[in-house]
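Let me begin by presenting the structure, written as structure tokens, before commenting on it.
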Amino acid sequence: MISLDGLNPEQRQAAETVEGPVLILAGAGSGKTRTVTYRIAHMLDNLKIPGNQILAVSFTNKAAAEMKERVAHLVGPKIRRGITLSTFHSLGLRILREDIHHLGYNNLFTIYDQADQMSIVREALKQFKSGKNYDRGIIMSKIGLLKNKGVGADEFGKSAEFDPSTDYDVVTEYVYQYYQEKLQFYNALDFDDILFLVVRLFKNFPDIARKYSERFKYIMIDEYQDTNNLQFNMIEALTSTHENICVVGDDDQAIYSFRGADISNILNFEKQFPRTKVIKLEENYRSTFPILDLANRVIKENTQRKEKTMRTSIMEGDRPQLWASGDSDHEAAIVIEEIIKMQSHGKMLSDIAILYRSNTQVPPFEDQLRMAQVPYNIIGGQKFYEKKEIKDIIAYLSVIQNPRDELALRRILNVPNRGIGSVTLNKFLAISSEQKRSLFSVLDDQADHQGAREFIGLLKKYRILFEDQPLLSTINQLLEEIKYDDFIEKSYDSAKLMNRKKDDVKNFLMTADRFQDRFGEDATLKNFVERLLLADSSDSNSSNSEEKTNEVTLMTLHASKGLEFDNVFLIGMEEELLPHKKTILDSSNINEERRLCYVGITRARKKLIMTYAKERKIYNKMTPRFKSRFVIELNQCYKDLDRTNFGDMSEDEIQDFKKSFFSNLANTLKS
């Protein structure tokens, strides 16, 4: 039996309430993951509910993997076996692999990334022939938005979303139709299609929705405040035969409306499921009382929210501070100075984070960190799976699995060089278009073109090898046969860059190795490619993302959600930054900006320092700045320090600061 004695009363109630609809309002740092883990373990071990009847959905692969590990630790891998713990998109893929044929696709479809999508949009705009230049990014964004609202290509022109007087809507209608036809011809989906097509499948074939609802009799959804319209429709279909649904979330941390998240899903949950039992987790195990008190006072100003007040037993702690700086350079200097002081007092750099609303705030901090030789890591650089060489390898694997994936095929057709240039490719494409055949099929007929013949032979050969041989050794064999290392050496003049590219390939092979170790017989080419194409940002920022290094972390407030640090610098606490200038005239968006501020404050465990600048350079002109409205009326909750005239600093602190600050400034001017 799994003991629930270690949970607090509210957590225990959440773990024991299994039947019927349940809304768990889990505030910041309230032990949400622990609660959900014990709930699943209780269902499996104490109530003997079969694992294959339980579905738990999260938003990231990392969160899903952590949940699997925790549940297995509690109940053992054998008891956990059969339970589905996945992301929305992984679940959607599983459903589509089984039933997408009802929608006219083959179940060996490929998932296109942003570059592939843009390539099709570029083709569509050439066909449109308007003579005008349209921004492909705007059109692609509109198509994604339409899919997340459940509006298909054949429905857009007749929907309330369409404005015939708007040029971009007219061109988007054409491009959307062309785009979807091409995707289906290539037997490919984009990321937004995964949920869009699942909802379409459930809507057009209610028996299929019923099948999955009867299969998953107990459903849990994590981070419910981040769900969008499609995810809500998907959940609605999955609960069509029962109401055993438990959603966990915090409306005070709903910060992703720009991605299509709809806060009304959590606010209106009790209307959708009238028998809902609401359980509030209000005990914060992360932050000290002074930090939490500030957070509570900030978020209470929002009107559209579920009433709750976070509490903590960690009563002692430093009051948060708000520092006034002269300008952005001065702001960076005093923050980095404080970080150096923390480090000299034995604090780990990995326990320090600098959080900001906009990436435009980063350069002065990066300059100061480099100058002070303080190691740092900016979250949100180029993603591992977006690097050229990695995309080349994934394209090979994608085409071997799905020969109709034309964009991947075109990417590797002459990589490495095999004498198939643009003129030859255009000839093959013309045949493909005229005969309405796939490019792979056309290339397969080119007996007189040695390069095409050898290329298709290679792909066919490895399609068989991947079925019979282990994943990692077959990928290694493929890269050796195409001499990909030699190709890298010929592609780069810089030895340093060339070695970095080779290291990227090695890291990719390590990914395949880990996948093979973890999944054993299920480490097939199809499953591996699917996993790569679904990799989220938390998986792909670095191949060594699990290794914790002693560096200061810099990230946006949006990226910080779910993380925590002993020491947090929340920079740019001023009007037009937080809240952002784009949202100031929109009261509903102001609410989300306030939630973003709340998220930033509650990332701090022990120390919170907020900053604002008295002026910043905007369009090459120094412009006065003002404190954020989110803290202006709450100065009893924090120390207000004017660091431009050294405010409440002690004499020793003033002298230390002046000495190091002006020394660094002199070194900067010299260099």
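The values are calculated or read from the model by the stated rules, or taken from the named source; none is laboratory data. For clarity, every value in this text was computed on a predicted model and none was experimentally measured. All Cβ positions, even for glycine, are placed from backbone atoms using ideal geometry, and neighbour counts span all protein chains on display. Each accessible area value is taken on the protein alone, full model and side chains, heavy atoms only, with ligands, DNA and RNA left out. Shrake-Rupley method; radii C 1.70, N 1.55, O 1.52, S 1.80 Å.
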For segment 110-150: of the residues being of a type in the set (Ser, Thr, Tyr) and out of contact with any Ser or Thr (no Cβ under 7 Å at 6 or more places or on another chain), which is modelled with the lowest pLDDT? 130
Kindly check whether there is at least one residue in segment 558-574 that is among the basic types (Lys, Arg), at pLDDT 90 or above and either open to solvent by less than 30 Å² (accessible area, probe 1.4 Å) or in contact with a Pro (Cβ under 7 Å, 6 or more places away or on another chain) (or both). no
Pick out, from segment 351-441, the helices (runs of 4 or more DSSP H) lying fully within it that include 3 or more residues that are at pLDDT 85 or above, in contact with a strand residue (DSSP E or B) (Cβ under 7 Å, 6 or more places away or on another chain) and under 30 Å from residue 582 (Cα atoms). 362-371
Residue that is most open to solvent (accessible area, probe 1.4 Å), among those in segment 353-394 that are over 22 Å from the mean Cα position of the chain (by Cα) and of a type in the set (A, V, I, L, M, F, W, C): 371
Between 595, 605, 629, which is among the basic types (Lys, Arg), open to solvent by 50 Å² or more (accessible area, probe 1.4 Å), modelled with pLDDT of 75 or more and over 20 Å from residue 552 (Cβ atoms)? 629
Between 70, 94, which is modelled with pLDDT of 90 or more, assigned to a helix (DSSP H, G or I) and open to solvent by 50 Å² or more (accessible area, probe 1.4 Å)? 94
Return only the number of the condition from (1) open to solvent by 30 Å² or more (accessible area, probe 1.4 Å); (2) modelled with pLDDT of 95 or more; (3) not charged (D, E, K, R) that residue 257 does not satisfy. (2)
Being out of contact with any Lys or Arg (no Cβ under 7 Å at 6 or more places or on another chain), open to solvent by less than 40 Å² (accessible area, probe 1.4 Å), touching a residue at least 40 places away in the same chain (Cβ under 8 Å) and closer than 28 Å to residue 433 by Cα, is that true of even one residue in segment 160-177? yes
Can you name the residue in segment 134-159 that is without any contact (Cβ under 8 Å) to a residue 24 or more places away in the chain and basic (Lys, Arg) and is also surrounded by the most Cβ atoms within 10 Å (Cβ to Cβ) among such residues? 136
Give, as residue ranges, the helices (runs of 4 or more DSSP H) completely inside segment 448-516 that count at least 1 residues that are at pLDDT 90 or above and basic (Lys, Arg). 450-468
Tell me, please, whether a residue that is assigned to a loop (DSSP other than H, G, I, E, B), in contact (Cβ under 8 Å) with a residue 12 or more places away in the chain and surrounded by fewer than 18 Cβ atoms within 10 Å (Cβ to Cβ) can be found in segment 190-207. yes
Residue 167 farther than 22 Å from residue 263 by Cβ and at pLDDT below 90: yes
Taking segment 20-62 and keeping residues out of contact with any helix residue (DSSP H, G or I) (no Cβ under 8 Å at 6 or more places or on another chain), surrounded by fewer than 20 Cβ atoms within 10 Å (Cβ to Cβ) and part of a helix (DSSP H, G or I) leaves 46
Quick check on this structure: which one of 463, 418, 437, 404 is closer than 21 Å to residue 184 by Cα, touching a residue at least 12 places away in the same chain (Cβ under 8 Å), open to solvent by 30 Å² or more (accessible area, probe 1.4 Å) and among the basic types (Lys, Arg)? 404
